[in-house]
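All of the numbers you see were taken from the coordinates with simple rules; none came from a lab. These numbers come from a predicted model, not from an experiment. Methodologically, a virtual Cβ is constructed for each residue, glycine included, from the backbone with ideal geometry; neighbour enumeration extends over all protein chains shown.
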Amino acid sequence: MLDTVFHNGRIHTLDDEDRVYEAVGVSHGRITALGTEHELKFLIGPRNGTIEYGKRADFTVMAADPRDVPVEEVPGIPFTMTVVGGEIVWAA
């Protein structure tokens, strides 16, 4: 399973065939798959997602995954970063 798929881009390889892909899959911090968005979407784990090139993101980062702690502890998880429009606007 892939941790993240970066898609809607042009990924140029340095191999002898000079291939170009539209999506790259990452597992455990390493590129483990190249292909089309359609090909790689079936390799994404149920708790993971995609990042689309050219899009901005608004999100917050928490110190722990709220799905991995008891529900009563979720309100106490500290935030470590906030990103708005693709820019870090606050970090602990």
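Kindly evaluate Ile88 against the criterion of being in contact (Cβ under 8 Å) with a residue 40 or more places away in the chain, of a type in the set (Val, Ile, Thr) and surrounded by 10 or more Cβ atoms within 10 Å (Cβ to Cβ).
no
Restricting to the range 1-50, give me the number of residues that are among the aliphatic types (A, V, I, L, M), touching a residue at least 24 places away in the same chain (Cβ under 8 Å) and surrounded by 14 or more Cβ atoms within 10 Å (Cβ to Cβ).
Result for the range 1-50: 7.
Are any of the residues in the range 48-62 within 28 Å of Trp90 (Cβ to Cβ), over 14 Å from the mean Cα position of the chain (by Cα) and part of a strand (DSSP E or B)?
yes
For Leu14, all conditions in the list (1) in a strand (DSSP E or B); (2) over 20 Å from Arg67 (Cα atoms) hold save one; what is the number of the exception?
It is condition (1) that Leu14 fails.
Taking the condition of being within 14 Å of the chain's Cα centre (by Cα), in a strand (DSSP E or B) and either among the charged types (D, E, K, R) or over 14 Å from Ile51 (Cα atoms) (or both), how many residues in the range 1-11 meet it?
Counting residues in the range 1-11 that are within 14 Å of the chain's Cα centre (by Cα), in a strand (DSSP E or B) and either among the charged types (D, E, K, R) or over 14 Å from Ile51 (Cα atoms) (or both) gives 1.
Is it the case that Val69 is surrounded by fewer than 14 Cβ atoms within 10 Å (Cβ to Cβ) and among the aliphatic types (A, V, I, L, M)?
Yes, satisfied.
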